[in-house]
Amino acid sequence: MRNTFGSNVAVTLFGESHGEAIGCVLDGLAPGIKIDENYIAEKLALRRPAGAISTARREKDEFKILSGVFGGFTTGAPLCIAIPNADVKSSDYDELKNLARPGHADLTAQIKYGGFQDYRGGGHFSGRLTAPLVAAGAVCRAALEVKGIKIATHISAVAGIKDRRFDPLCPETQGLDKLYFPLLDREKEQEMRSAIESAANDGDSVGGELETAVTGLPTGLGEPWFDSAESLLSHALFSVPAVKGIEFGAGFGFETMRGSEANDAICVKDGKISTLTNNNGGINGGITNSMPIIFRLAVKPTPSIAKAQQTVDMSVPENASLELKGRHDPCIVHRARAVADAVTAIVICDLLAARYGTDYLAKEE
């Protein structure tokens, strides 16, 4: 089981949903990066459940940095963060050991790991593991902000209800990272929340879409083929549970365009080379072009629902039915926003380290 992503700045995840603790190890960070634990806590709070639109499982995510930080700065050694699991109800899964939950990894995990995997709450496959991912991303994101690189994500759709999209040339990111339910058009919030609550009342769930913008990036990050900026971002973001689609810039909208519409005309603006449009989402030939990176993620409905579903009893095997009980999210789109930001920050740090060296993030401008 491999759990590490990144070549120069790498993150490793450990733990299970109902185990003693979950956590991460960040390796390759330069010494001298300032660590603000309050900032990490703020980002974790954006991921935590709240109210009727989230699971009733309430973890405080009181993390502890075990290594790699001394006197408030990174030491250059692996940075390890542990988060205890406190609000677990493993008995909710006693009857599910052999029943594969549709939409989950139960069946594939059983086949691959032969029954030795921890099935409680999804074990190592659980979205619970995104908490340390958010903590690791917060460390990276804080370092990026010192360099003038900013990341912001908003909910662009929930249950078919759409927010307006970012301006691709100048995305309006101000203040989004302070909102638990981040929208550009705040008037859509109640309609979206009502759709989520309606699904919850029906024992069901809904999905949606997230849109992320990265601004302040230098030109030249990424490689032409297998380590392109799109490739690495897509690889990492598809590792997040429930992410099932990604598009950069105009994305699937290219299918209706002609080349004369799709190409981003190049110009000089304020003494710098720029483009008149940003259909390519800030990346050409796999390499950042100094325009904002813009991408959207499709997030599927939470697979844990209270409705009866057909499945199999894996111990026999034979057909069976399943009606889940316990604590589940009717929607995870709003919580996944913090994860999208975190994963993006980790990948951008890895790309910068590949281009400028691992000490780049700690160098003063």
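Readers should treat all values here as calculations from the given coordinates under stated rules, not as data from a laboratory. Please read these numbers as outputs of a predicted model, since none were measured by experiment. Positions of Cβ are generated from backbone atoms using ideal geometry, with glycine treated the same way; all protein chains shown enter the neighbour counts.
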- [ ] Arrange the following residues from fewest to most other Cβ atoms within 10 Å of their Cβ: Ser194, Ser17, Ser274.
- [x] Ser194, Ser274, Ser17
Open item on the list: Applying a 10 Å radius around every beta-carbon, put 245-257, 144-156, 214-226 in order of their mean neighbour count, most first.
Closed with: 144-156, 214-226, 245-257
Open item on the list: Output wanted: per-residue J couplings in Hz (rounded whole) for segment 301-314, from phi through Karplus 6.51 cos²θ - 1.76 cosθ + 1.60, θ = phi - 60°, x for Gly and Pro.
Closed with: x, 4, x, 7, 10, 8, 6, 5, 9, 7, 8, 10, 8, 5
- [ ] Work from the charge dipole of segment 207-289 (Cβ charges, +1 for Lys and Arg, -1 for Asp and Glu, about the Cα centre) and give the residue of Gly271, Gly259, Pro224 farthest towards its positive end.
- [x] Gly271
- [ ] Name all residues of segment 42-85 having a backbone nitrogen under 15 Å from the label point set 7 Å from the Cα of Phe14 along its Cα→Cβ direction, giving them as ranges.
- [x] 64-68, 78-85
TODO: Round to the nearest 10 and give me the degree value, 0 to 90, for the angle of helix 333-356's Cα axis relative to the longest principal axis of the chain.
DONE: 40
TODO: Taking the Cα centre of segment 4-356 as origin, sum charge times position over the Cβ atoms of Lys and Arg (+1) and Asp and Glu (-1), and report the length of that vector in debye to the nearest 20.
DONE: 380
- [ ] Within 10 Å, count the other beta carbons around each residue, average over each peptide in 71-77, 297-303, and list them highest first.
- [x] 297-303, 71-77
- [ ] Please identify the cysteines of the chain that lack any partner cysteine with a Cβ under 4.7 Å from their own Cβ.
- [x] Cys24, Cys80, Cys170, Cys267, Cys331
Open item on the list: Taking the beta-carbon count within 10 Å as an exposure proxy, list His328, His334 from fewest neighbours to most.
Closed with: His328, His334
TODO: Determine which aspartates and glutamates satisfy two conditions relative to Lys307: a Cα distance under 13 Å, and not lying fewer than 8 residues away in the same chain.
DONE: Asp202, Asp204, Glu323
Open item on the list: Cross-link candidates for Lys244: which aspartates and glutamates have Cα within less than 15 Å, leaving aside residues fewer than 8 places away along the same chain?
Closed with: Glu209, Glu211
TODO: Determine, for Val139, Val206, Val243, the number of other Cβ atoms within 10 Å of each Cβ, and report the residues in order from fewest to most.
DONE: Val243, Val206, Val139
Task: Mean separation of Cα contacts under 8 Å, 6 or more apart, over the residue count of segment 4-356: relative contact order % - done: 24
Task: Out-of-range pairs (alpha-carbon distance over 27 Å; input Lys150/Lys272; Lys34/Lys178; Lys64/Lys300) - done: Lys64/Lys300
- [ ] List the pair-distance distribution P(r) of the chain, using every Cα-Cα distance, as the percent of pairs falling in each 20 Å bin from 0 up to the bin containing the longest distance, rounded to whole percents.
- [x] 29, 57, 15, 0
TODO: Determine the gain in length on full extension of the stretch Lys60-Asp36; use 0.36 nm per residue of separation and subtract their C-alpha separation, reporting nm with one decimal.
DONE: 6.8 nm
Task: Neighbourhood net charge (12 Å Cβ-Cβ; Lys/Arg +1, Asp/Glu -1) for Val347 - done: -3
TODO: Can you tell me the 0 to 90 degree angle between the C-alpha axis of helix 189-201 and the longest principal axis of the chain, rounded to 10?
DONE: 20
TODO: Would you kindly calculate the translational diffusion coefficient of segment 225-365, applying Stokes-Einstein with the Kirkwood radius from alpha carbon pairs, for 4 °C and a viscosity of 1.567 mPa s, and quote it in µm² s⁻¹ without decimals?
DONE: 70
